[in-house]
Amino acid sequence: EWPRLHEVFGEYFRIGAAVNPRTLVTQKELLTRHFNSLTAENEMKFVSVHPEEGRYTFEAADRMVEFAKENGMAVRGHTLVWHNQTPDWVFENGSGEAADRGMLLARMKSHIDEVVGRYKGSVYAWDVVNEAVADGGEQLLRASKWLDIAGEDFIAKAFEYAHEADPAALLFYNDYNESVPAKREKIYTLIQSLKERDVPIHGVGLQAHWNLEHPTLDHIREAIERYAGLGVKLHITELDVSVFAHEDRRTDLTAPTAEMLERQAERYGRLFKLFKEYSEDLTSITFWGAADDYTWLDHFPVRGRKNWPFLFDARHQPKASFQSVLEAAR
Ligand code: G3I
């Protein structure tokens, strides 16, 4: 009988998993055994809960929150304001033209009031704004309809509305490529300016969609130290370790090679040792899934190419990666 992951790391951080209505059933045993935090992979996003103006659909999200309660797990909410998975009506005025700033911010506020309000006391932390920083180039913020219409303070507004809706919730800015130095500095600049303006932001979410060698351990360490220096909490929000390198587009594998599994175990061991070192700042580690039977990476960057990014295999058995994470706890 293997020890439970969340118990092993209990004094350091929460261990979370992203779930969807299907995995909540198919991975039930595994989830309740090893994890003490849940995040909805898609079911709390704008398009899922608010498909039409004034019409909210909370069934799937409610079911996940119920599951978490029944099993004594925490819930991280994902996500309120994002350029993706947001319906077109949000940005339109009803006559086929773009909404204006006032209209868009009013919609943002009602959305946040409704969603954050509903889960007040159940969702302890929210990814309030997701992926607003530009990856490359000189621009700080990514081009989006939020930015176009509402201007750059759409970010501050989102945090203010969320704080009003639930003053006790921890509010996060969440992004990917968070450990790549150029983007890290942009994220740092954004958070610093929010803090300077006393915007209610409490944390930075590092998505951590990583692979066997990228980003380097040094870059991850530097990112953690840099963000922590802003006096915010850090959560790892979407961890997975792809067994493929960036440029590897092979689609012929039906199982991971022994070498992939070995390298992944080594990588996970190093990562969790590092996380442990920073557990004063780093209070939650959420995987973007739970076991290799399902991952969003099965469709990214190559549709239909299987990946094996987790600690548990497709039959929910511990992999070498699980064992090396356990060793990292000692
Ligand atoms: O629900 C529809 C379904 O009705 C339709 O028949 C089907 C056909 O493609 O699509 C379904 O929607 C899919 C949705 O997941 C729910 O399964 C979308 O096509 C698909 O694009 C969407 O992918 C999600 C992706 O975000 C969207 O950007 C992934 O599941 C989800 O894992 C992923 O999660 C993101 C985080 O929110 C933010 N950080 C990056 C991370 C990975 O991309």
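Worth a mention:
- The calculated FRET efficiency for the pair residue 257 and residue 71, based on their C-beta separation and a Förster distance of 30 Å, comes to about 0.30.
- Three-way shape call for region 96-168 based on the alpha-carbon gyration tensor, with the a/c threshold at 1.5: oblate
- Seen from residue 288, the other residues with C-beta closer than 11 Å to its C-beta sum to a net charge of -3, counting Lys and Arg as +1 and Asp and Glu as -1.
- Region 192-208-region 213-292 distance, computed between alpha-carbon centres (Å): 22 Å
- Between 0 and 90°, nearest 10: helix 59-70 axis offset from the chain longest Cα axis: 50 degrees
- Computed lengthening from residue 185 to residue 84, 0.36 nm per intervening residue step minus Cα-Cα distance: 34.1 nm
- Amide proton proximity set for residue 92, modelled H, under 5 Å, gap of 5+: 99
- Considering helices alone, the calculated mean residue ellipticity of the chain at 222 nm is -11500 deg cm²/dmol, with DSSP H runs of length four and up weighted by -39500 (n - 2.57) and normalised per residue.
- Computed about the Cα centre, the dipole magnitude for region 56-188 is approximately 240 debye when only Lys and Arg (+1) and Asp and Glu (-1) carry charge, each at its Cβ.
- Using equal-weight Cα scatterers in the Debye expression, the normalised intensity of region 21-66 in log10 at q = 0.21, 0.27, 0.29, 0.30 Å⁻¹ is -0.72, -0.99, -1.08, -1.13.
- Rounded if a/c under 1.5, otherwise prolate or oblate - region 161-287, Cα gyration tensor axes: prolate
- Derived scalar couplings ³J(HN,Hα) [region 161-178; Karplus, 6.51 cos²θ - 1.76 cosθ + 1.60; whole Hz; x for Gly, Pro]: 4, 5, 5, 5, 6, 8, x, 8, 6, 7, 10, 10, 9, 10, 7, 10, 6, 5
- Dipole magnitude of the chain, debye to nearest 20 (Cβ charges: Lys/Arg +1, Asp/Glu -1, about Cα centre): 520 debye
- Scaling the Cα radius of gyration of region 31-92 by the globular reference 2.2 N^0.38 Å produces a ratio of 1.26.
- Taking Lys and Arg as +1 and Asp and Glu as -1, the other residues whose beta-carbon sits under 11 Å from that of residue 315 total -2.
- Links that overshoot a 21 Å alpha carbon limit, given the list 69/157; 120/186; 45/120; 109/145: 69/157; 120/186
- Residue 211 long-range amide H proximity, modeled H, under 5 Å: 242
- Gain on full stretching of the segment that runs from residue 277 to residue 22 - 0.36 nm per residue minus C-alpha separation: 88.3 nm
- The chain, Cα convex hull volume normalised per residue, Å³: 135 Å³
- For region 272-284, Karplus couplings with θ = phi - 60° (6.51, -1.76, 1.60), whole Hz, Gly/Pro x: 5, 4, 5, 4, 4, 4, 9, 5, 5, 8, 9, 10, 8
- Cα shape, region 253-299, gyration tensor, a/c 1.5 rule: oblate
- Nearest-ten-degree value, helix 181-196 long axis tilted from longest Cα axis of the chain: 50 degrees
- Using a Förster distance of 56 Å, the FRET efficiency for residue 53-residue 218 (Cβ separation, nearest 0.05): 0.75
- Cross-link partners of residue 319 among lysines, defined as those whose alpha carbon lies under 27 angstrom from its own and excluding same-chain residues fewer than eight positions apart: 28, 273, 276, 306.
- Only Cα sites of region 1-50 enter the Debye sum here, all with the same form factor; the resulting log10 I(q)/I(0) across q = 0.25, 0.31 1/Å is -0.91, -1.12, listed in q order.
- Value of Rg to Rh for region 205-253, rounded to two decimals, is 1.10; Kirkwood radius and Rg both from alpha-carbon coordinates.
- With semi-axes defined as the square roots of five times the eigenvalues of the C-alpha gyration tensor, the equivalent ellipsoid of region 1-159 measures 33, 18, 13 Å, largest first.
- Each residue, residue 192 and residue 97, gets one label point 7 Å from its Cα in the Cβ direction; the gap between the two is 4.1 nm.
- Ordering 19, 79, 56 by Cα displacement along the dipole of region 4-91 toward the positive end leaves 19 in first place; charges were set at the Cβ atoms of Lys, Arg (+1) and Asp, Glu (-1).
- HN-Hα J in Hz across region 319-325 - Karplus 6.51, -1.76, 1.60, θ = phi - 60°, x for Gly and Pro: 8, 4, 4, 4, 5, 6, 5
- For region 234-317, applying the loop criterion from DSSP together with a ceiling of 13 other beta carbons within 10 Å to the GluC sites (Glu not before Pro) yields 247, 280.
- In the chain, the longest principal axis of the Cα atoms and the axis of helix 101-118 are about 50 degrees apart.
- Between the amide H of residue 287 and those of 16, 17, 18, 239, distances stay under 5 Å, these residues lying 5 or more places away or on another chain, with hydrogens modeled in the peptide plane.
Where a number appears in this text, it was derived from the coordinates with a stated rule and is not lab data. All figures in this text were calculated on a predicted structure; none of them were measured in a lab. Note that we place each Cβ from the backbone using ideal geometry, even for glycine, and neighbour counts take in every protein chain shown.
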